[in-house]
Amino acid sequence: MRKQKKQEVIQHLRIEEYAAEGKSLGRVNGKVIFVEQVVPGDVVDVQLGKNKKDWAEGYPIRFHEYASDRVTPFCAHFGVCGGCQWQMLTYEKQLIYKQKQVSDNLERIARVALPPMLPIVGAEITRGYRNKLEYTFASKRFIPAAEFRRLREEAGPGQPLAERSGFAGFHARGMFDKVVEIDTCHLQEEPTNGIRKAIEAYGLENGCPFYDARTHEGWLRNMVIRLATTKELMVNIVVGYEAREWQEALAKNLLEKFPGITTLLFTINPKFNDSIFDLQPRAWHGNGYITERLEDFSFRIGPKSFFQTNTLQAEKLYRVTRDFAELTGEQTVYDLYCGTGSIGIFVSRQAKKVIGVELIEEAVKDARENAALNGILHSEFFTGDVTDICDDSFFSRHGKADVIITDPPRAGMHEKLVKKLLEIAAPLVVYVSCNPATQARDLALLDEKYTVTKIRPVDMFPHTQHIENVVQLKLKTGA
């Protein structure tokens, strides 16, 4: 058996600056040490994990000094559940680091000419801002070290820990079969915590088995709560199999306790994975969807619909996008990765025509319904891969692109799509990104024909390291 290498501990490391992805860094004899759960100004002992010649990663095991910028986290689960990694920073400082993250990525990876960056768009509301939250039910929970020692002592030598048969919360980081049990989550307004606790209590009181991901057994699996700014409330409970008596009793229990639920669904998921996109949620109460609003546009959101999870910040993100598009009412706009059509619909009044392209058929169906809901007759949405759809015959039928808006997933645009954009050569491109690193990579490729003319980050997720960024590109003269 290979002898396990002893992990190194670095003592009294002063954290010098923010790095990226929620980590900060210090240096030891020129070697860069990336550390999570710390901020510039902290002095810590660090347990190293990955340890290379020029850099290493680690986590703090002891704090000697705390940075003056630190504040007391408002959540009792901070540092355990894995979310809201920056609660120990003032929101003003979070915005500074997020803008720096965008700037560093664009300068280090893109290496193209960049204009001065516009100020980051922050959020007025930094708690309870999510319109969608997913909870997991599990037969096991993650137990923090201090609590485990206490429970071990109470149980006595060789005795099992006194634990319940089920828990509700968020997936524990790195553990597919355990959850971090949550008392109060501050990411979504009430009654999110009340509903979660009520379902957990019903399951325990009535002997409903909580899901065990290792054995693939159990009834209660997941729950998604969507709460719109219109106050419409959707609850989708995901269970492992049909159990009519439990479903009827649980639905009655919830609707009596939470009469504000406008639609309640059950989804049967017998699969090993948690995805519901190939399943059919069934409306138990209400019409099976809720309506959300952006400015005066209405959007119908079903249990499988994609929609930006921070409605108020989505309005700001889309306003920046619309402003960068410089529409006059004469342009044909192509909305790539259009999803349920929210960006295309948001800019539609300033466009002559909107053409949306999206790979997921159900999202395109939602986009068409949302366009009809808002009386937008000059839009069309198509299903397929943009690199396959956007050929010469497609443009001859729908018109040459004057403005392209692209909003890809975190992986960024496929290289084939970048080549297609260079081939299309639209006069103006607006690139909306949830990952500045992959955006920077794509900007380097687009530099062949485009100049970056505007940059503006938008903070969609306060207290996390995530940041959205909007870039305007204009076709170079003669390109």
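Kindly state, to the nearest 0.05, the FRET efficiency for Arg282 paired with Phe176, given R0 = 35 Å and r defined as their beta-carbon distance.
So the FRET efficiency works out to roughly 0.85.
Just the number, please: percent antiparallel of the DSSP beta bridges in the chain, rounded to the nearest 5.
65
To the nearest 20 debye, what charge dipole does the chain have about its Cα centre, counting +1 at the Cβ of each Lys and Arg and -1 at the Cβ of each Asp and Glu?
In total the dipole reaches around 1060 debye.
Along Cα→Cβ, 7 Å out, is where each label goes; now give me the distance between the ones at Ala146 and Ser396 in nm to one decimal.
Spacing of the two 7 Å Cα→Cβ label points: 7.1 nm.
With θ set to phi - 60°, apply the Karplus curve 6.51 cos²θ - 1.76 cosθ + 1.60 along region 374-385 and write out the HN-Hα couplings as whole Hz, x wherever there is a Gly or Pro.
In residue order, the calculated couplings are 9, x, 8, 9, 9, 10, 9, 10, 10, 9, x, 7 Hz.
Report the Cα centroid-to-centroid distance between region 457-479 and region 96-138 in angstrom, as an integer.
9
In Å², what does the accessible area per residue of the chain work out to with a 1.4 Å probe?
The answer is 47 Å² per residue.
Please state the relative contact order of the chain as a whole percent: Cα pairs under 8 Å, 6+ residues apart?
Relative contact order, the chain: 13 percent.
May I ask you to give the percent of accessible area on region 394-474 that is carbon plus sulfur, with a probe radius of 1.4 Å?
55
In whole percent, how big is the carbon plus sulfur part of the accessible area of region 131-264, probe 1.4 Å, protein atoms only?
On the way: 3420 of 6340 Å².
Carbon and sulfur atoms account for 54 percent of the accessible area of region 131-264.
Once you have the Cα-Cα distance between Ile96 and Lys353, take 0.36 nm times their residue separation minus that, and quote the gain in nm to one decimal.
Stretched fully, the Ile96-Lys353 segment lengthens by 88.7 nm.
Could you tell me the calculated FRET efficiency between Ala155 and Asp296, based on Cβ-Cβ distance and R0 = 56 angstrom, to the nearest 0.05?
Given R0 = 56 Å and the Cβ-Cβ separation, E is 0.40.
For region 48-108, give the percent of accessible area contributed by carbon and sulfur heavy atoms, probe 1.4 Å, rounded to a whole number.
50
Run the numbers on region 149-264 and let me know its relative contact order in percent, using alpha-carbon pairs under 8 Å that are six or more apart.
Averaging sequence separation for qualifying contacts and normalising by length gives 17 percent for region 149-264.
Quick check on region 390-463: what are the equivalent-ellipsoid semi-axes from the Cα gyration tensor, as sqrt(5λ), descending, whole Å?
Semi-axes (√(5λ), whole Å): 24, 13, 12.
Under the classification rounded if a/c is under 1.5, otherwise prolate if a/b is larger than b/c and oblate if not, where does region 220-315 fall, given a ≥ b ≥ c as square roots of the Cα gyration tensor eigenvalues?
oblate
Reachable lysines from Lys93, Cα under 18 Å, same-chain residues fewer than 8 places away excluded?
Lys23
Given axes a ≥ b ≥ c from the Cα gyration tensor, I'd like to know whether region 1-158 is rounded (a/c under 1.5), prolate (a/b larger than b/c) or oblate.
It is oblate, given that a/c is not under 1.5 and a/b is not larger than b/c.
With a ≥ b ≥ c the root eigenvalues of the C-alpha gyration tensor of region 282-391, is it rounded (a/c under 1.5), prolate (a/b larger than b/c) or oblate?
oblate
How many lysine pairs in region 297-406, separated by 8 or more positions in sequence or lying on different chains, have Cα atoms less than 26 Å apart?
Value for region 297-406: 10.
What percent does the relative contact order of region 128-209 come to when contacts are Cα pairs within less than 8 Å and at least six residues apart?
Relative contact order here is 38 percent.
For region 243-257, what does the Karplus curve 6.51 cos²θ - 1.76 cosθ + 1.60, with θ = phi - 60°, yield as ³J(HN,Hα) per residue in whole Hz, taken in order and with x for Gly and Pro?
Result, rounded to whole Hz: 9, 3, 5, 5, 4, 5, 5, 5, 4, 4, 4, 5, 5, 6, 7.
Taking 0.36 nm per residue of separation and subtracting the Cα-Cα distance, what length does fully extending Gln37 through Lys271 add?
80.7 nm
Show me, for region 230-241, the HN-Hα J-couplings you get by feeding each phi into the Karplus relation (A = 6.51, B = -1.76, C = 1.60, θ = phi - 60°), rounded to Hz, glycine and proline as x.
6, 6, 6, 10, 10, 10, 10, 9, 9, 10, x, 6
Based on DSSP, what percent of beta bridges with both residues in region 243-387 are antiparallel, to the nearest 5?
Antiparallel: roughly 45 percent of the beta bridges in region 243-387.
Counting each DSSP H run of 4 or more residues in the chain as -39500 (n - 2.57), what helix-only mean residue ellipticity at 222 nm follows after dividing by all residues, to the nearest 500 deg cm²/dmol?
Here the helix-only value at 222 nm equals -7500 deg cm²/dmol.
Starting at 0 and stepping by 10 Å, how many percent of the alpha carbon pairs of region 289-344 end up in each bin?
Pairs per bin, as whole percents: 20, 54, 23, 3.
For Asn206 and Glu107, FRET efficiency with R0 = 51 Å and r from the beta-carbon atoms, rounded to 0.05?
Details: r = 58 Å, r/R0 = 1.13.
Plugging the Cβ-Cβ distance into 1/(1 + (r/R0)^6) gives 0.35.
Please give the contour-minus-distance gain from Glu245 to Arg14: 0.36 nm per residue of separation, less the Cα-Cα distance, rounded to one decimal in nm.
Answer, rounded to one decimal: 77.3 nm.
The values are calculated or read from the model by the stated rules, or taken from the named source; none is laboratory data. This structure is a prediction, so every number in the text was calculated from the model and none was measured. Note: ideal-geometry Cβ built from the backbone for every residue, glycine included; neighbour counts use all protein chains shown. When the accessible area is computed, the model is the full protein with side chains, heavy atoms only, and any ligands, DNA or RNA have been set aside. Shrake-Rupley method; radii C 1.70, N 1.55, O 1.52, S 1.80 Å.
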